[in-house]
């Protein structure tokens, strides 16, 4: 009981602190732009969408301000939050499962599969199908296909070797990136701007034409991912002592591997499908949260989700400050942050 109360306090303390930071980052991100909005105006526009009392809160706010805040900036910031949460949760879970602090959500080959799918969809002109969601849908299907191939290659005699899984992810990912290069080389022959669209998607961005639509697509994955990964957090704690030890302590390790790999791949696929490739979030955030709040996955997974949201919102803010109005691709910003951090981890392990 004491242990449970202690864990609950750590979860609440960590999440509350990060939520305050997220609220501040969100407010600044939404208020900043070509025409800066006072925080009071941002609060009134958001409050105007509350039920019953919303119409009173939004009185006397210019329609132009309402459109800029609610139709452009808020959905972009919300999309950034969701993508960051998805990637950070997946990273925390995979690092715990693979027992490798250098693992991230893209280790399983999901990013390369999604990239290839997006490239194929763009080259074939499928962006307009399914109500304009052609690219994310095809990217998601290819991403899950890549995960299935990696899992199949790593499975032998009814078991999945962690080392084989990592190796298969690297090999499959490299092959799919090569296929993508081939698609990019063919793109100019298919459409004049197909190549530039593919490259822009690969760099990662929250500048979606229908950001609210993308938010509605991604939210269910975020909710499902958080619930599923948190449900297996205690098993991940035991697994961290070693696979053999976990098996002796009654953990169904093969079942755990299937669940974590499937959920992490699913939510990573959703994130990549709606935002493109935004690297290092799933690598950096779990390490920071582990340092701040400890390695217990019951605390690490929810705090990583919020921490990932904070990082991507701040990255979006930096991207728009550097190159207004649409912004520098967010993937470049996170790479500039994450690459030195990765080198630091590599040096610390040597």
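Please treat every number below as a calculation from the coordinates, not as lab data. On a predicted model such as this, the values are computed, not experimentally measured, just so you know. Positions of Cβ are backbone-derived with ideal geometry, glycine not excepted, and every protein chain shown enters the neighbour counts.
Distance between the pseudo-spin-label points of residue 36 and residue 64 (7 Å out from Cα toward the beta carbon): 1.8 nm.
By the count of neighbouring beta-carbon atoms within 10 Å, fewest first, 252, 244 end up ordered 244, 252. Across the range 24-161, Cα-Cα distances exceeding 20 Å account for 65% of all pairs.
Both the radius of gyration and Dmax for the range 115-154 are 11.3, 37 Å, in that order, over alpha-carbon atoms. What is the calculated FRET efficiency for residue 43 to residue 203, with r their C-beta to C-beta distance and R₀ = 22 Å, to the nearest 0.05? With R0 = 22 Å, the Cβ-Cβ based efficiency is 0.10. Here the extension length gained between residue 262 and residue 185 equals 24.5 nm, from 0.36 nm per residue of separation less the Cα-Cα distance. For an R0 of 30 angstrom, estimate the FRET efficiency from the Cβ-Cβ distance between residue 13 and residue 322 and round to the nearest 0.05. Working from the Cβ atoms, E equals 0.30.
Taking the number of other C-beta atoms within 10 Å as the exposure measure, put 317, 167 in order starting with the fewest.
Going from sparsest to densest Cβ surroundings: 167, 317.
The packing ranking of peptides 97-109, 35-47, highest mean first, is 97-109, 35-47, where packing means the average number of other beta carbon atoms within 10 angstrom of each residue.
Taking 0.36 nm per residue of sequence separation and removing the Cα-Cα distance, the residue 292/residue 252 pair yields an extension gain of 11.4 nm.
Over what distance in Å are the Cα centres of the range 274-331 and the range 74-94 separated? If we compute the Cα centre of each part, the gap is 7 Å. Residues 175, 165, ranked from the fewest to the most other C-beta atoms within 10 Å, line up as 175, 165.
For the range 87-237, a Kirkwood hydrodynamic radius built from all Cα pairs, placed in the Stokes-Einstein relation at 37 °C and 0.692 mPa s, yields a translational diffusion coefficient of 197 µm²/s. Taken along the Cα-to-beta-carbon direction at a fixed 7 Å, the label points for residue 20 and residue 244 span 4.7 nm. The convex hull of the Cα atoms of the range 219-302, projected and averaged over all directions, covers 5.7 nm².
Given in Å, the Rg to one decimal and the Dmax to the nearest whole number for the Cα atoms of the range 198-350 are 17.1, 56. Working from label points 7 Å from Cα in the Cα-to-Cβ sense, the residue 99 to residue 193 distance is 5.1 nm.
Here, the chain has an Rg and a Dmax of 20.7, 68 Å when only alpha carbons are counted.
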